[in-house]
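Enquirer: Quick one: the structure is below, questions incoming.
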Amino acid sequence: MVHQPEKGDAKAVDRLIQDICSRLAQNKRVRRNLPGGGRLRIDRPLPFLCVYRYPPDRDDLGTVDLVTTEASYLFISGDPQHHETLIKMCARIGATLTEQFGTFLILEVWADDGDRPEGDDFSPPAFRIVTPDRGRMPTTIDAFTKALLQVKNEHLAASLEVREDEPVAPPGMPQIVPPGSVDDPAPLRMGLAVRPFYRSRGGAVLYPIVLRKLRRRLAVALRKTFFTFTGSTRDGIPHYHTLGPTSFVRAAAIVDKQLCDVAESFDYLLQITPTNTQIAWNEFRNSKYRDAPLLRYRPLPHNPVELKQTLFQIPIERIEDTTIAHLFWEKQEELDRRITSLRDAGTPAFLFGSVQIYGEVEPDLLQIACELLTSFPPTKIKSDAALIDAHEMAESARQEINRYRRTYPGFYADVQIRDDIASGMMVSQNRVLVSESLRVQRARQRPLLHHEIGTHLLTYVNGTAQPFHILHSGLAGYESLQEGLAVLAEHLGGGLSPLRIRTLAARVVAASMLLHGASFLDTFDRLHREFKLPPRRAFTTTLRAYRGGGTTKDVIYLRGLKDLVRYLSEGHDIEPLYVGKIALAHVPLIQELRRRQVLLPPSVMPRYLTSEKARERLAACRGKSLREFLGVYGHADGIPGQ
């Protein structure tokens with residue numbers, strides 16, 4: 001453990017600086033505590049350093065967080081007793097890295113409330129760039145200006161000025177790099193004065209949500225600026241994201257595990273799945289479809305209040321990386337909603353919680369669903385059609401898992417036949433659950449494997465290979481993309497039939513009727529009589545919508561497919577979607593973390609993508625809307641599975 005110098009310990013300061021520079025010369029990262037409660041973090045040798053000094057005579061809430069987002073930062077007390085240490089450290093670090101890069105930039109950030117408008121605390125962002133070196137880095141200043149002007153506080157746009165005639169230091173503090181001659185190899189200097197709209201006037205109250213948003217936006221602006229600055233100093237930097245932190249620090253690892261522990265302490269889908277589906281169907285059929293079923297559910301394995309206490313004790317605010325923190329904040333909020341929803345199961349409030357998690361039925365999605373139900377004629381299953389039972393399905397699932405394991409040894413899962421789930425097949429974490437009452441056409445066997453194992457289980461396995469545990473339990477809102485990918489997998493494998501399309505469309509109609517106050521019997525009757533679903537399928541579809549007290553969960557299959565088809569039609573690659581359980585909205589963030597080498601590529605890709613026919617079908621998805629993809633208007637070549 002490195003000794004941290006105290007006041008006046010000049011030799012210890014010299015040893016600390018020598019140790020820092022030695023590590024940088026060996027291309028090693030640096031993490032050191034500094035005198036005066038400071039810290040130095042350099043993720044790897046880079047030609048820049050962000051600096052912040054605490055004002056010695058007042059609080060400065062939130063400002064230090066504006067520099068700790070970056071891969072190379074230093075913060076320290078602005079007390080005069082630490083100034084010599086700061087000057088010496090910055091000079092030696094600058095000289096060491098200048099030898100490697102040919103140049104070095106010190107960017108200091110401070111808060112400036114002087115020009116804040118009178119009145120309401122809600123004010124627009126304002127920045128002032130201070131540098132005497134504008135002529136030596138004009139493109140860098142231009143890039144910084146352009147990026148900062150993209151920062152907003154809600155709808156209020158930023159203002160900005162560039163000054164060359166001011167000291168590069170917070171008011172009342174000396175400059176870190178004293179002015180030198182033209183030939184002086186001192187680092188380039190830049191200061192950024194930020195209006196602290198992230199706290200109240202006078203600085204007594206911090207606005208954490210405002211600060212959180214500013215940190216993310218300013219981090220992007222800083223990295224774009226450093227990317228421009230480094231353009232002539234080093235090859236092999238393909239994107240500004242690569243200049244962000246690359247390490248997954250201990251604080252993030254702790255939060256990730258704690259969030260994952262809460263997420264995996266309950267299985268939301270299993271909790272709202274009735275345990276008496278077969279009995280309920282028999283009773284409903286015997287009543288000649290006149291008595292709504294009484295459904296039973298598993299007891300909650302945890303006290304919701306205690307789960308929430310655990311959830312909100314997770315210290316996400318300690319994470320410096322704004323992208324990782326954003327993903328964790330999102331997940332914490334979603335887990336809060338899910339726990340509340342489970343607490344309300346069996347009551348009218350459950351539906352409101354479900355809408356918060358899965359959303360309502362969009363009018364255009366309902367219209368597409370109705371078109372699908374009327375465009376595709378009802379299809380009856382032939383009485384002599386070959387059926388497979390739960391045991392054969394379970395064995396085929398084990399064989400499929402073994403095929404994947406030959407490609408990726410970490411592909412493990414337990415296949416279980418259960419008598420307490422609906423008549424189907426589902427994945428819960430690394431378990432494949434097959435209903436004991438399952439009976440499906442043999443033609444559905446392969447599509448089911450692609451859906452459950454080639455998508456849900458595969459993304460779980462890929463998530464386990466990532467530094468984030470939360471990528472296998474699922475980021476916030478991941479289910480819509482999961483189901484969109486799973487339905488697409490059925491299509492790419494050649495098994496998305498018109499019958500299956502009608503089932504997905506019927507789920508949207510059932511959810512819409514639920515939201516409009518229709519009863520279980522009314523919804524069943526419409527699906528059965530108007531849209532010609534067989535009684536058992538109409539019952540199952542209705543039950544899925546009304547389970548737990550009512551849920552819009554089943555909307556995500558068609559919505560997820562719709563959003564995924566649009567994503568593909570815009571020319572995006574499908575490979576990033578298999579990195580773990582993510583939402584489409586997370587793709588830019590996931591790609592950023594991959595560029596920063598925080599995340600890894602998917603460990604294994606779906607087997608069906610190795611098929612030439614599947615690749616042809618995937619290419620054919622490009623440039624199509626959902627209607628065109630599903631052949632709603634009778635285009636024979638647009639109907640999957642035909």
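Enquirer: Yes or no: LEU188 among the hydrophobic types (A, V, I, L, M, F, W, C) and either modelled with pLDDT of 95 or more or under 27 Å from the mean Cα position of the chain (by Cα) (or both)?
Expert: Against the criterion (among the hydrophobic types (A, V, I, L, M, F, W, C) and either modelled with pLDDT of 95 or more or under 27 Å from the mean Cα position of the chain (by Cα) (or both)), LEU188 does not qualify.
Enquirer: Please determine whether any residue of region 503-516 is more than 30 Å from the chain's Cα centre (by Cα) and surrounded by fewer than 18 Cβ atoms within 10 Å (Cβ to Cβ).
Expert: Within region 503-516 (the criterion being more than 30 Å from the chain's Cα centre (by Cα) and surrounded by fewer than 18 Cβ atoms within 10 Å (Cβ to Cβ)), the answer is yes, since at least one residue qualifies.
Enquirer: Still on this model: Among the helices (runs of 4 or more DSSP H) lying completely within region 233-340, list those that include at least 3 residues that are open to solvent by 30 Å² or more (accessible area, probe 1.4 Å) and within 30 Å of ALA219 (Cα to Cα).
Expert: Here the list reads 250-263.
Enquirer: Can you tell me which condition ASP261 does not meet? The list is (1) more than 19 Å from the chain's Cα centre (by Cα); (2) at pLDDT 90 or above; (3) charged (D, E, K, R), and all the others hold.
Expert: (1)
Enquirer: While we're on this one: For region 129-160, which positions are among the charged types (D, E, K, R) and either part of a loop (DSSP other than H, G, I, E, B) or modelled with pLDDT under 95 (or both)?
Expert: Step one: list which residues in region 129-160 are among the charged types (D, E, K, R), which gives 133-134, 136, 142, 146, 152, 154.
If the condition is that a residue be among the charged types (D, E, K, R) and either part of a loop (DSSP other than H, G, I, E, B) or modelled with pLDDT under 95 (or both), then ASP133, ARG134, ARG136, LYS152, GLU154 are the ones that fit.
Enquirer: List pairs: first in region 362-378 and charged (D, E, K, R), second surrounded by fewer than 20 Cβ atoms within 10 Å (Cβ to Cβ) and not in a helix (DSSP H, G or I), Cβ under 9 Å, 6+ apart or cross-chain?
Expert: That search, which allows pairs on different chains as well, returns GLU371/TYR633.
Enquirer: Would you check which residues across region 27-55 are more than 23 Å from THR228 (Cβ to Cβ) and of a type in the set (Lys, Arg) and list them?
Expert: Scanning region 27-55 gives LYS28, ARG29, ARG31, ARG32, ARG39, ARG53.
Enquirer: Can you pull out every residue in region 40-60 that is of a type in the set (Lys, Arg) and open to solvent by less than 80 Å² (accessible area, probe 1.4 Å)?
Expert: Across region 40-60, the qualifying residues are ARG41, ARG44, ARG53.
Enquirer: So in region 386-413, with the set limited to residues that are surrounded by 12 or more Cβ atoms within 10 Å (Cβ to Cβ) and not in a helix (DSSP H, G or I), which one is farthest from the chain's Cα centre (by Cα)?
Expert: LEU387
Enquirer: For region 533-630, list the helices (runs of 4 or more DSSP H) that sit wholly inside it and hold at least 1 residues that are out of contact with any strand residue (DSSP E or B) (no Cβ under 6 Å at 6 or more places or on another chain) and crowded, with 23+ Cβ neighbours inside 10 Å; which are they?
Expert: So the answer is 535-546, 555-569, 587-595, 626-630.
Enquirer: Scan region 97-113 for residues that are open to solvent by less than 50 Å² (accessible area, probe 1.4 Å) and not in a helix (DSSP H, G or I) and report the count.
Expert: Residues meeting the conditions: 10.
The values are calculated or read from the model by the stated rules, or taken from the named source; none is laboratory data. On a predicted model such as this, the values are computed, not experimentally measured, just so you know. Every residue, glycine as well, gets a Cβ built from its backbone with ideal geometry; the counts of neighbours run over all protein chains shown. These accessible areas exclude ligands, DNA and RNA; they are computed on the full protein's heavy atoms, side chains included. Shrake-Rupley method; radii C 1.70, N 1.55, O 1.52, S 1.80 Å.
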